[in-house]
Amino acid sequence: MSQLSQKHLLGIKDITRKDIDLIFKTARSFKDVINRPIKKVPSLRDITIANIFFENSTRTRLSFELAEKRLSADVVNFSSSSSSVKKGETLLDTVNNILAMKVDMVVMRHSSPGAPHFLSRHIKANIVNAGDGTHEHPTQALLDTFSLHDKFGSLEGMKVAIIGDILHSRVAISNIFALQKLGAEVMVCGPNTLLPKHIAELGVKVELDVMRALKWCDVANVLRIQLERQQIKYFPTLREYSLYYGINKKMLESLDKEITIMHPGPINRGVELNSDVADSDHSIILEQVENGVAVRMAVLYLLAGVQDA
Ligand code: CP
């Protein structure tokens, strides 16, 4: 059987184009499965997976849980807000206690960049990073690029603009790596204060003007302003941000071509995207969510086959 080059999925930076192609091929089969009347396969029947979330999540957590259940895995869920972490237990103690209950795989979201990498040096179970602080969100980038692959057949030569709060975005970083590995050109666009200083070193174009970004791109992946990660003010008000960087239907209609709009969610409607764009035919936002289950099934299934890579 073909398998991934890594035992864990910690970031897109660590995986190869071949890994991504294998994940997409596997996800395509699982997409067929979840569109059948019987949406379950027995592939991970003897595997136990713990979803441990130290940070809030709606889409990622539900999507992983559904993916695991569709693969017939046994699933346990852990949320730090209702756990003994509140009593001072360390990350490693918490996870080792969960693993002592014979857990084979861990899906983890944490607010600290590098938390899943730290765990991977101390535990035997396969780890999937479900978002670590401002670092990476690999399955989001895989489902985003899979959705584009599904719609267009290839990402080779495609122009993708990532627009918004790039500075605090793990989705932006993982998407840049995934898009480039698949042959797309990437631009980041946002106010100067929300663009990392050395972002151009990743080989992306940098643009401050949102209309110029929209004119350049085939696809705009629009990101939320992550107020929860901002300790200082990066722009005067949300109203002003929306005025300069919010995307509305009139802007799309002024272009001489159709572009595709993506958003990883959660959307702040009326800030980075107006409803007349988010709910329009340009948008593939709900396709992204649908594809997320198939892509996560593929990742879990393929990692379960890698024990000592
Ligand atoms: N896209 C994403 O990571 O959403 P959640 O924070 O709801 O999981």
Please say if the chain is rounded, prolate or oblate, where rounded means a/c under 1.5 for a ≥ b ≥ c the square roots of the C-alpha gyration tensor eigenvalues, and otherwise the choice is prolate for a/b larger than b/c and oblate otherwise?
-> prolate
Quick one: Cα centre-to-centre distance for segment 95-123 and segment 58-73, in angstrom?
-> 18 Å
Where the centre of each part is set by its Cα atoms, how far does segment 1-46 sit from segment 262-309, in angstrom?
-> 15 Å
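Between rounded, prolate and oblate, where does segment 40-100 land on the alpha carbon gyration tensor, with a ≥ b ≥ c its root eigenvalues, rounded for a/c under 1.5, else prolate if a/b exceeds b/c? Walk me through the numbers on the way to the answer.
Numbers: a/c = 3.92, a/b = 1.67, b/c = 2.35.
Verdict is oblate for segment 40-100.
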Point-to-point label distance, Glu89-Asp209, nm (Cα→Cβ direction, 7 Å offset) = 5.5 nm
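For Ser154 and Lys102 in the same chain, what is the full-extension length gain: residue separation times 0.36 nm, less their Cα-Cα distance, in nm? Show your work: numbers first, answer last.
Numbers: separation 52, 0.36 × 52 = 18.72 nm, distance 4.06 nm.
Stretched out fully, the Ser154 to Lys102 stretch lengthens by 14.7 nm.
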Where in the chain are the helices, taken as whole DSSP H runs, whose Cα atoms extend 18 angstrom or more along the long axis and whose Kyte-Doolittle mean reaches at least -1.0?
-> 17-34, 138-152, 285-304
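Within the set Lys40/Lys86; Lys25/Lys69; Lys151/Lys181, which residue pairs have Cα atoms separated by over 25 Å? It would help to have the intermediate numbers written out before the result.
Working: Lys40/Lys86 36 Å; Lys25/Lys69 20 Å; Lys151/Lys181 18 Å.
Result: Lys40/Lys86 exceed 25 Å.
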Roll a 1.4 angstrom probe over the protein heavy atoms and tell me the percent of accessible area of segment 138-287 that is carbon or sulfur.
-> 51 percent
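Can you say what percent of the DSSP beta bridges in the chain, counting only those with both residues inside, are antiparallel? Round to 5. Before the final figure, lay out each step's value.
Values: 1 of 36 bridges.
Of the beta bridges lying entirely in the chain, close to 5 percent run antiparallel.
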Rg over Rh [alpha-carbon atoms, Kirkwood Rh] for segment 138-287 | 0.92
Enumerate the residues in segment 209-247 having an amide nitrogen under 13 Å from the point lying 7 Å beyond the Cα of Asp256 toward its Cβ.
-> 215-216
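Taking the solvent-accessible surface of protein heavy atoms with a 1.4 Å probe, what is the per residue accessible area of segment 138-287 in Å²? List each step's numbers first, then the result.
Numbers: 6670 Å² over 150 residues.
Dividing the accessible area of segment 138-287 by its residue count gives 44 Å².
Report the GluC sites (Glu not before Pro) located in segment 87-188 that are in a DSSP loop and have at most 11 other Cβ atoms inside 10 Å of their Cβ, or state none.
On the way: sites: Glu89, Glu136, Glu156, Glu185; in loops: Glu89, Glu156.
Passing sites in segment 87-188 are Glu156.
Which of the peptides 201-209, 267-275 is most tightly packed, and how do the rest follow, going by the mean number of other Cβ atoms within 10 Å of each residue?
Details: 201-209: 14.3, 267-275: 17.9.
Answer by packing, highest mean first, reads 267-275, 201-209.
The values are calculated or read from the model by the stated rules, or taken from the named source; none is laboratory data. The shown structure was predicted, so the numbers you read here are calculated from the model rather than taken from an experiment. Ideal geometry is used to build each Cβ from the backbone, glycine not excepted, and the neighbour counts take in all protein chains shown. Please note that ligands, DNA and RNA were not included when accessible areas were found on the heavy atoms of the full protein model with its side chains. Shrake-Rupley method; radii C 1.70, N 1.55, O 1.52, S 1.80 Å.
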